[in-house]
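Data first, discussion second: the structure below is written as structure tokens.
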Amino acid sequence: MRANIVWGTILACGSGFLLWVAYRPVKHGLLDTGVSGMVWPQMILWGLLFLSLLLLAQDCVSELRARRNRHQDVSLGHFQRPILLALVGAVYFAAFDELGFIASTLLFTASTVVLLGRRRPIEVSLFSVIFTAILLIVFVKVLIVPLPRGVGVFREFSLLFH
Amino acid sequence: MEQLLSALLANFQPANLGLLLAGTVIGILFGVVPGVQNVAALSILLPFTYAMAPKQAFILMTSIYAAGVFGGSITAILYRIPGAPENAATTFDGYPLAMKGQAAEALGIAITSSAVGGMFGTFVLILAAPQIAPIALMFGPAEYFGLVVFALCLVAMMGADPLKSLISALLGLLAATVGLSQVTGVARFTFGSDVLLGGFDFVVLIVGVFAVAEVLSRAEREAKGSMAGLQEQGRFRARLPSVKDLVSLTGTILRSSVLGTFIGILPALGATVAAFFGYEMERRFSKHPEQFGTGIYRGVAAPESANNASVGGSMIPLLTLGVPGSGSTAVMLGAFLIYGLQPGEALFREQSPLVYLIFSTMILTNLLILVGGVVSVPFFARLAKTPFALMAPVIIVLCAIGAYTVRYNIVDVWSMFGFGVLGYLLDRYGFSTPVFVLAFILGQIAESAYLRSMILFDHDFYGFFTRPISGTLLGLAFLVVLLAFGRPIVRLLRRSSRIPST
């Protein structure tokens, strides 16, 4: 229930901010159609603001009732694993350009497999290497997709396979 | 008929046949793996279809879509874990049958019912779609605006929480406004970024919201232990039903197929609702409703024929009016847009070989399920046991490559990741991701139709109500919203009127 209040607040603040952006004067790009390009986003944002406030009001009332009845759900569940997975993913995407596809995919695959509970080093390393090799063959050799090659020493490493 | 035959022949060209087989296998595979839905398979493969000819891309996409609904029944019967929500109703009688030692028979019935139901839906599609397509000619911008608003309202209001679904729809519409306006050329919400001028690519959004979010959701479910139990049993066989059993199930399969096709045509309902309705209808009209849930053949045949029949039904509004009613059909619409094809009357007139190729692919996919199902069940049942720890990196890396190849730009990979996290959070807190994606895809159509109509009506909104089709559709949309929100308001008013005044 508290999560809904957070959602309602974020959505209301976000739509309020974007409404402010949408009502700022447009400097360029207005074609001679007689209709502003901001009309449609403004309509959506007003709707979003109204519904977010409705959600917020509805959940505040429910939260008050829940407190009165001493039924509070404060559990965040098993949130840690997806957060960690998302963090590993973010590091992977950040390294995509710098380390190149091969090195970053090897590291990402190995760390994800370990994070999700497979700990045997042979299994982890074999899976990472074989999977990356298959991707290399399919995308680089067969489909000739120019995947990121990285910079510096990683670029030199990538060029061995590209 | 001639066109259908030549399309069937085209399907048998080696490359096309290979794609048909690959699509069927991928579709069943993604259906089989619990927690990873068919729409994720379509989303992951969508960027890779760029490199294909349109016909080959649609053979792959259609076979994945048509086969995916069946796949989940294997784990639903063997492990009581439906591979996808549309197979949840199959667990009611499928698993008890497996417990009685009749897993092979239950799987055989699921295969037969799925194939017959899918075939029925496809034939209705082949017969009905060309008749309905000319209706699209009556649609101008005002009518399209009305149709999009009605479809979105209907889809949003069918959700568990109409308020959150409506918010999801508005978020999707808002995401579609980022970038240059198609009508006026004004830059919106780009905050000075040149990359955002082109807006978010729908492939990037679809891959993020459906595939990446699915991996994050499943990571959470795995941590909770709700996917446990899959490793425990191992009965991997299927046996097609005898002629006697088949005759006794004919009525059930036909009734459920008709119902499933009809439900598929309606936006928002889809295969899951079709399966539950099919099951419930059979139970209600049965002479022995008490037997349902104890492990009877009809309890498997009804949901499986209904959910597969809904696939053909759901293709009717997509192909004739360009309005998808579910996440999977939204991705299919995305595939049409990649090739610059706009579903509707013109598609049937100018691209009829492609349309008939889609029809023939659906027929052949259902035949493949029937013929190959019995042989492949052991293989797919084993694949369902693939550890998530190995599957998660595979999916995320494929998503990253898919997003990167859209424009060879790392920003697209980050956007995909951002949409993945957003999709996961939306899903976790009861918002609707299919509605979000649907609204994003329909957003540009809606905006351009709205602005063009307003220019046509000289900026008078009431112009929409002077046209019968747009007026009716907008009126219906209002009614749908009123019905969804009206009931709680009436309940609240009644409750407050019961409170005695002091």
Notebook entry, point to check: Which condition breaks for B:THR472 when tested against (1) crowded, with 23+ Cβ neighbours inside 10 Å; (2) polar (S, T, N, Q); (3) modelled with pLDDT of 90 or more?
Noted result: (1)
Checklist line | Considering residues of segment B:48-57 that are touching a Leu at 6+ places or on another chain (Cβ under 9 Å) and of a type outside the set (A, V, I, L, M) only, the residue farthest from B:GLN13 (Cα to Cα) | finding: B:PHE48
Notebook entry, point to check: Can you pull out the residues in segment B:36-55 that are among the hydrophobic types (A, V, I, L, M, F, W, C) and either surrounded by 24 or more Cβ atoms within 10 Å (Cβ to Cβ) or within 14 Å of chain A (Cβ to nearest Cβ) (or both)?
Noted result: B:VAL36, B:VAL39, B:ALA40, B:ALA41, B:LEU42, B:ILE44, B:LEU45, B:LEU46, B:PHE48, B:ALA51, B:MET52
Check: Taking only pairs six or more apart or across chains, which ones have beta-carbon atoms under 7 Å, a first residue in segment B:184-209 that is farther than 17 Å from B:LEU173 by Cα and more than 11 Å from chain A (Cβ to nearest Cβ), and a second residue that is open to solvent by 10 Å² or more (accessible area, probe 1.4 Å) and part of a strand (DSSP E or B)?
Finding: none
Notebook entry, point to check: Across segment B:254-307, which residue is nearest to B:PHE120 (Cα to Cα) among those that are of a type in the set (Lys, Arg) and surrounded by fewer than 22 Cβ atoms within 10 Å (Cβ to Cβ)?
Noted result: B:ARG255
Checklist line | Matching option when the condition is under 27 Å from B:GLU350 (Cβ atoms) and open to solvent by 10 Å² or more (accessible area, probe 1.4 Å), among B:PHE30, B:PHE12, B:PHE58 | finding: B:PHE12
Next item on the list: Kindly indicate the residue of segment B:158-213 that is charged (D, E, K, R) and farther than 30 Å from B:ALA484 by Cα and also least open to solvent (accessible area, probe 1.4 Å) among those meeting that condition.
Entry: B:ARG188
Next item on the list: Would you be able to say whether some residue in segment B:145-152 is within 14 Å of another protein chain (Cβ to nearest Cβ), buried (at least 23 other Cβ atoms within 10 Å of the Cβ) and either of a type in the set (Phe, Trp, Tyr) or without any contact (Cβ under 8 Å) to a residue 40 or more places away in the chain (or both)?
Entry: yes
Item checked: Given (1) out of contact with any Phe, Trp or Tyr (no Cβ under 7 Å at 6 or more places or on another chain); (2) more than 14 Å from chain A (Cβ to nearest Cβ); (3) open to solvent by less than 20 Å² (accessible area, probe 1.4 Å), number of the condition B:ILE441 does not satisfy -> (1)
Notebook entry, point to check: Going through segment A:48-83 one residue at a time, which ones are open to solvent by 40 Å² or more (accessible area, probe 1.4 Å) and either of a type in the set (A, V, I, L, M) or at pLDDT 85 or above (or both)?
Noted result: A:PHE50, A:LEU53, A:LEU54, A:ALA57, A:VAL61, A:LEU64, A:VAL74, A:LEU76, A:ILE83
Next item on the list: Provide a single number: the residues in segment B:405-418 that are part of a helix (DSSP H, G or I) and at the interface with chain A (Cβ under 7 Å from one of its Cβ atoms).
Entry: 5
Notebook entry, point to check: Counting only residues that are farther than 26 Å from B:TYR404 by Cβ and either in contact with a strand residue (DSSP E or B) (Cβ under 7 Å, 6 or more places away or on another chain) or polar (S, T, N, Q) (or both), how many does segment A:76-122 have?
Noted result: 1
Checklist line | Residues located in segment B:328-362, provided they are part of a helix (DSSP H, G or I), within 21 Å of B:VAL207 (Cβ to Cβ) and open to solvent by 10 Å² or more (accessible area, probe 1.4 Å) | finding: B:SER328, B:LEU337, B:ILE338
Item checked: Scope segment A:100-130; condition within 8 Å of another protein chain (Cβ to nearest Cβ), open to solvent by 20 Å² or more (accessible area, probe 1.4 Å) and closer than 28 Å to B:THR49 by Cβ; matching residues -> A:PHE127
Checklist line | Within segment B:447-464, tally of residues that are within 10 Å of chain A (Cβ to nearest Cβ) and aromatic (Phe, Trp, Tyr) | finding: 1
Item checked: Selection within segment A:15-27 - facing another protein chain (nearest Cβ under 10 Å) and open to solvent by less than 30 Å² (accessible area, probe 1.4 Å) -> A:SER15, A:VAL21, A:ALA22
Checklist line | B:PHE210 more than 25 Å from B:LEU422 (Cβ to Cβ) and within 19 Å of the chain's Cα centre (by Cα) | finding: no
Notebook entry, point to check: Is it the case that some residue within segment B:379-389 is within 11 Å of chain A (Cβ to nearest Cβ), on the phi < 0 side of the Ramachandran plot and either in a helix (DSSP H, G or I) or open to solvent by less than 20 Å² (accessible area, probe 1.4 Å) (or both)?
Noted result: yes
Notebook entry, point to check: Inside segment A:141-162, can you point out the residues that are within 13 Å of chain B (Cβ to nearest Cβ) and free of Cβ contacts under 8 Å to residues at least 24 places away in the same chain?
Noted result: A:VAL142, A:LEU143, A:ILE144, A:VAL145, A:PRO146
Check: So which pairs qualify, if the first residue must be in segment B:75-104 and open to solvent by 30 Å² or more (accessible area, probe 1.4 Å), the second must be assigned to a helix (DSSP H, G or I), the Cβ gap must be under 6 Å, and the two must be at least 6 apart or on different chains?
Finding: B:ARG80/B:THR91; B:ARG80/B:TYR95; B:PRO82/B:GLY72; B:PRO82/B:ALA76; B:PRO82/B:ALA88; B:PRO82/B:THR91; B:PRO85/B:THR272; B:PHE92/B:GLY299
Check: For B:HIS288, which of the numbered conditions (1) within 28 Å of B:SER360 (Cα to Cα); (2) free of Cβ contacts under 8 Å to residues at least 24 places away in the same chain fails to hold?
Finding: (1)
Check: Within the bounds of segment B:153-165, is there any residue that is touching a Lys or Arg at 6+ places or on another chain (Cβ under 7 Å), within 11 Å of chain A (Cβ to nearest Cβ) and part of a loop (DSSP other than H, G, I, E, B)?
Finding: no
Item checked: Residue selected from segment B:58-92 under the condition farther than 29 Å from B:ALA10 by Cβ and among the aliphatic types (A, V, I, L, M), by the criterion modelled with the lowest pLDDT -> B:ILE81
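The values are calculated or read from the model by the stated rules, or taken from the named source; none is laboratory data. Quick caveat, the model's predicted, so the values are computed rather than measured. Cβ sites come from the backbone with ideal geometry, for glycine too, and all protein chains shown count toward neighbours. For the accessible areas, the whole protein counts, side chains as well, though only heavy atoms, and no ligand, DNA or RNA atoms are used. Shrake-Rupley method; radii C 1.70, N 1.55, O 1.52, S 1.80 Å.
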